[in-house]
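Before any comments, here is the structure.
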Amino acid sequence: MNIFSKLKEKINKILEDLVASKELPEGLSFEAVTAEPPRDSSHGDVATNAAMVIAKKAGKKPRDLAEIIAAKLKEIPAVKSVEIAGPGFINMRLHDEIWHDVVLNILEEGVGYGNSNLGAGKKVNIEYVSANPTGPMHIGHARGAVYGDALALLLLKTGYNVTKEYYINDAGTQIDVLAESSYLRYREALGEDIGKIPQGLYPGEYLKIVGESLVEEFGKDLLGKKKHEWLAIIRPFAVDSMMVMIRADLAQLGITHDVFTSEKAIQDSGKIEECIDFLDKKGLLYQGVLEPPKGKTPDDWESRTQTLFKATDFGDDIDRALKKSDGTYTYFAADIAYHLDKIQRGFNNMALVVGADHGGYIKRLKAAVSALSDGKAELDVKISQLVNFMENGRPMKMSKRAGTFTTVRDVVDEVGKDVVRFIMLTRKNDAVLDFDLATVKEQSKDNPVFYVQYAHARAKSVLRNAAVESPEAVALAKNISKKHLKRLDSEAELALIKIMASWPRALEAASVANEPHRIAFYLQELAAGFHGLWNKGKDDVILRFIVKEDVELTAARLAMINAMSDVIASGLFIFNIEPAREMR
């Protein structure tokens, strides 16, 4: 039950009837009309901007139109009162029984409450993580990983057909570095004293395992081969070893992907040539010379003729090189060939989660997707900003080349998967996030994951206590009716139910914006409402959840907090977090 969408439908019907009766002109768009909770709850339960957004095109004063709409809104049975505020905003208060119906609806649907068919089964491809396969995942990768996974679960919950994809960057020069570093560890595993790791190679201890595995697989055979020969053997071996490690790291975060696509496989399949040919036939390629980079020109920069893509025709700032003057392809050529592959697999809706250092890729990738799909496909590129990872306020430095980085596995072992996932979603993805190991271990309201989990655990604790103190109320709560729920009439109880009622709207809004962090904000608001009600019960006996001498009131409150716990569980699904039944 989405109260706000139902009221919006009724408001639109009122406007359509006004058009039919000639009180409003034809051809008006009601797309911008909203029905939502007012910013200040003292103004009412639902606010609509209907008069404000259509008055000008209707040739009426907003206040006058608001008077007409308000009169019609008063005829809706659910509406208790209507007030006009300011120049024409309309605020409504609903009858208490509407909120009681919400409790019944949540109890009926359980953790499925709020699920919608917004996506109508539309296919969506979400590519995230895609860390270079040169070592285990460090904590800096975790934010994009968690964000992408939560986005996938959010879209799944709102009716989309989601494919989660990982792009393996296994064709760049970093793979040669990985292979050389692995070969060094191979020689070490055979007993050679390799001394200090040469600068430029990966010194991480994790590569010792790869070296030992190479010995198990090849013995001493690789020692007698020339460099180009052992490189060809070790490259795929090392990449496969790293991907086993990365998959295990992701599993520690509760993350699995549906598809793993290899950059090298894209190149070997001829996709880049196919992409170049495709764009050329559309007249979108030409031979030209790029302007020098803005700012300080590199000393080694030289003007040269290259094969350029007309990216500016599709909103980019400059045209982009696909083929260098020496005939080799650019990294961008491989990137757009990969997106052509996605389009050919039927994905016209794509999301790509990238790190903070990839902001410059957004316009060029969007331009390429538009060109490759004739404007039919859309790509939403989401930047995952940096994480300031600290311990007791002190920054922790990470460097994969130096081998001194904190891995995802280290952090999960320290604080747990649920904490990492929730904290990573407590700020918008494009805002820098502070992650302090000491803070996330605190059991206080300043720790958001504890605060939300404590609300769920506290609710379950009340239900367990009620089974002992008032079993009759527990039995009645399982078959609660609207008659009994009328006892929920205090301002604090109704305020909590109103937050619960806004869950379907919050879920859809987060889905439309591709912003799962909104769910974290919502859950904290819901938890605050519940904890606030709990505290009122400590000061006022009549507001306690269990009132032994009043079975009906207790049953109504048990039904309410059971529904509240279902909403928290529904939200935590998006975080892939198991709701806590007790806190230790």
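Only the coordinates and a few stated rules stand behind these numbers; no lab work does. Keep in mind that what you see is a predicted model, and the values were worked out from it rather than measured. Neighbour counts run over all protein chains shown; Cβ positions are idealised from the backbone, glycine included.
Across every direction, the projection of the convex hull enclosing the Cα atoms of segment 444-574 has a mean area of 8.0 nm². Evaluating 6.51 cos²θ - 1.76 cosθ + 1.60 at θ = phi - 60° for every residue in segment 472-477, the Karplus couplings come out as 5, 5, 4, 5, 5, 4 Hz, glycine and proline recorded as x. Quick one: go through segment 170-193 and flag any residue whose amide nitrogen is under 16 Å from the point 7 Å out along the Cα-to-Cβ line of LYS220. Backbone N within reach: 186-193. Summing charges over neighbours of ILE69, with a neighbour being any other residue whose Cβ is under 13 Å away from its Cβ, gives +1 when K and R count +1 and D and E count -1. Axis of helix 331-344 versus longest Cα principal axis of the chain: the two differ by about 50°, to the nearest ten degrees. Note on LYS57 and ASP374: with the Förster distance fixed at 30 Å, the Cβ-Cβ geometry gives a FRET efficiency of about 0.35. Ranked by the mean number of other Cβ atoms within 10 Å of their residues, highest first, the peptides 387-393, 549-555 come out as 549-555, 387-393. Summarising the label geometry, the points placed 7 Å from Cα in the beta-carbon direction at ASN535 and ASP313 lie 6.2 nm from one another. Which of the three applies to segment 391-503, rounded, prolate or oblate, going by the alpha-carbon gyration tensor with a ≥ b ≥ c and a/c under 1.5 meaning rounded? Prolate shape, in that a/c is at least 1.5 and a/b is the bigger ratio.
Think of segment 173-252 as having a plus end and a minus end, set by charges on the Cβ of Lys, Arg, Asp and Glu; of GLY191, LEU214, GLN174, GLN174 sits farthest toward the positive end of this dipole. Between 0 and 90 degrees, the angle of helix 362-373 with respect to the longest Cα principal axis of the chain falls at about 90 degrees. In terms of overall dimensions, the C-alpha atoms belonging to segment 401-458 reach 46, 27, 16 Å along their principal axes, ordered largest to smallest. Once the Cβ-Cβ distance of LYS548 and GLU525 is raised to the sixth power relative to R0 = 22 Å, the FRET efficiency obtained is 0.10. Dipole magnitude for the chain: computed about the Cα centre from +1 point charges on Lys and Arg Cβ and -1 point charges on Asp and Glu Cβ, it is near 840 debye. Whole-percent P(r), the chain, all Cα pairs, 10 Å bins from 0: 3, 14, 19, 21, 19, 12, 7, 4, 1, 0.
Between ALA495 and ALA475, the modelled label-to-label distance comes to 3.6 nm, taking each label 7 Å out from Cα in the direction of the beta carbon.
Sorting the segments 372-379, 89-96 by their mean number of nearby beta carbons within 10 angstrom, highest to lowest, gives 89-96, 372-379. For the modelled label position 7 Å from the Cα of ASN12 along Cα-to-Cβ, which residues of segment 86-127 have backbone nitrogen atoms closer than 14 Å? Within reach of a label on ASN12: 118. With a ≥ b ≥ c taken as the square roots of the eigenvalues of the C-alpha gyration tensor of segment 134-293, please select rounded if a/c is under 1.5 and otherwise prolate if a/b is larger than b/c or oblate if it is not? Taking the square roots of the gyration eigenvalues as a ≥ b ≥ c, segment 134-293 is oblate. Diagonalising the gyration tensor over the Cα atoms of segment 173-252 and scaling each eigenvalue by 5 before taking the square root yields semi-axes of 20, 14, 13 Å, largest first. Roughly what % antiparallel, to the nearest 5, for the DSSP beta bridges in the chain? Here the share of antiparallel DSSP bridges comes out near 50 percent. Does segment 506-584 come out rounded, prolate or oblate, given a ≥ b ≥ c as the square roots of the eigenvalues of its C-alpha gyration tensor, rounded meaning a/c under 1.5 and, failing that, prolate meaning a/b above b/c? Prolate, since a/c reaches 1.5 and a/b exceeds b/c.
Close amide H partners of ALA351, meaning residues 5 or more places away or on another chain with modelled amide H under 5 Å apart, are ASN125, ILE126, GLU127, ASP380. With 23 Å as the limit on Cα-Cα distance, the pairs of LYS13/LYS483; LYS157/LYS486; LYS8/LYS56; LYS13/LYS74; LYS294/LYS324 that go past it are LYS13/LYS483; LYS157/LYS486.
Relative protection proxy for 452-464, 172-184, from highest mean packing down: 452-464, 172-184 (other beta-carbon atoms within 10 angstrom). Separation of segment 528-584 from segment 200-222 is 55 Å, based on Cα centroids.
Applying the Karplus relation 6.51 cos²θ - 1.76 cosθ + 1.60 with θ = phi - 60° to segment 376-389 yields 3J(HN,Hα) values of 7, 9, 10, 10, 9, 8, 10, 8, 9, 6, 5, 10, 7, 8 Hz, where x marks Gly and Pro.
What whole-number distance in Å separates the alpha-carbon centres of segment 47-125 and segment 428-501? Cα centres, segment 47-125 to segment 428-501: 26 Å.
Convex hull volume of the Cα atoms of segment 220-262, normalised per residue: 73 Å³.
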